[in-house]
1. Could you grab me the full set of residues in region 86-121 that are among the hydroxyl-bearing types (Ser, Thr, Tyr) and out of contact with any Lys or Arg (no Cβ under 8 Å at 6 or more places or on another chain)?
2. Among the residues of region 129-171, write down those that are over 34 Å from the mean Cα position of the chain (by Cα) and touching a residue at least 60 places away in the same chain (Cβ under 8 Å).
3. Filtering region 204-224 down to residues that are touching a helix residue (DSSP H, G or I) at 6+ places or on another chain (Cβ under 6 Å) and not hydroxyl-bearing (Ser, Thr, Tyr), which residue is surrounded by the fewest Cβ atoms within 10 Å (Cβ to Cβ)?
Amino acid sequence: MSTTADRWMYGVRVPALLALAAVCTAVVPAAAQQPQTAAPAQAPHRVDAPREKALPAVPRPEGEFWRWLRDGARRLRTLDGGPVAFAARYRISPQLARTIQDAAEAQGLDPDLGFRLVRAESNFNPRARSHAGALGLTQLMPNTARWLNRGMTTPERIMQPEANLAAGFRYLRRLIDKYDDLRLALLAYNRGEGAVDRDLRRGRNPENGYSRRVLGTGLERYRGDGRQAPD
């Protein structure tokens, strides 16, 4: 049987415990109902590495090679001689450039003049034919071709590049030695020796514009005497 004191303690503790439980019950749901903040875009423990200055891309070997090749071709175009340089200048194949240079040197003709002559005569077309009947790279008339080379008996033989260049350059070099004047030699090549000699005897200028077409004007003008320079 409980005493009066026990009943008093029970009456005091129970209400107190109930009141404490009520307070805790009210606090916990309130905390649970607080609005949730949005999760950060990155985890809070992640630390970005400091940005470094971007380094230039390392060129690939093939890129370096083509740049070297372009630079080399640009340097060659600034030179005055050599088949590769002549091929680049006149936009012809290296093989044709080599054939023209070899033929000029074989006849003691300055290759630069040889290329200028071929450009003026045929624009580097081995199959070129004029209305007057001239043939090939150096535009030889059939009679002149046979006089220079007895084997040139047909148009096909006259237009053969090596033979045509050899005969044409030999003829021009012969004219240079005869007149000792490149302008007159070119006019004789174009008009014929008889026509030039006749004008000179009569005190006339045989010029018809052909020498300027071959030699050029201004900074592009050819300034040699037509003969190959000694090594």
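1. The first filter runs over region 86-121 and keeps only residues among the hydroxyl-bearing types (Ser, Thr, Tyr), leaving 90, 93, 99.
Passing the criteria: SER93, THR99.
2. Correct list: ARG170 only.
3. ARG221
Coordinate-derived values only; no laboratory data. Quantities reported herein were computed from a predicted structural model and do not represent experimental measurements. Glycine also receives a Cβ, built like all others from the backbone with ideal geometry; neighbour counts cover every protein chain displayed.
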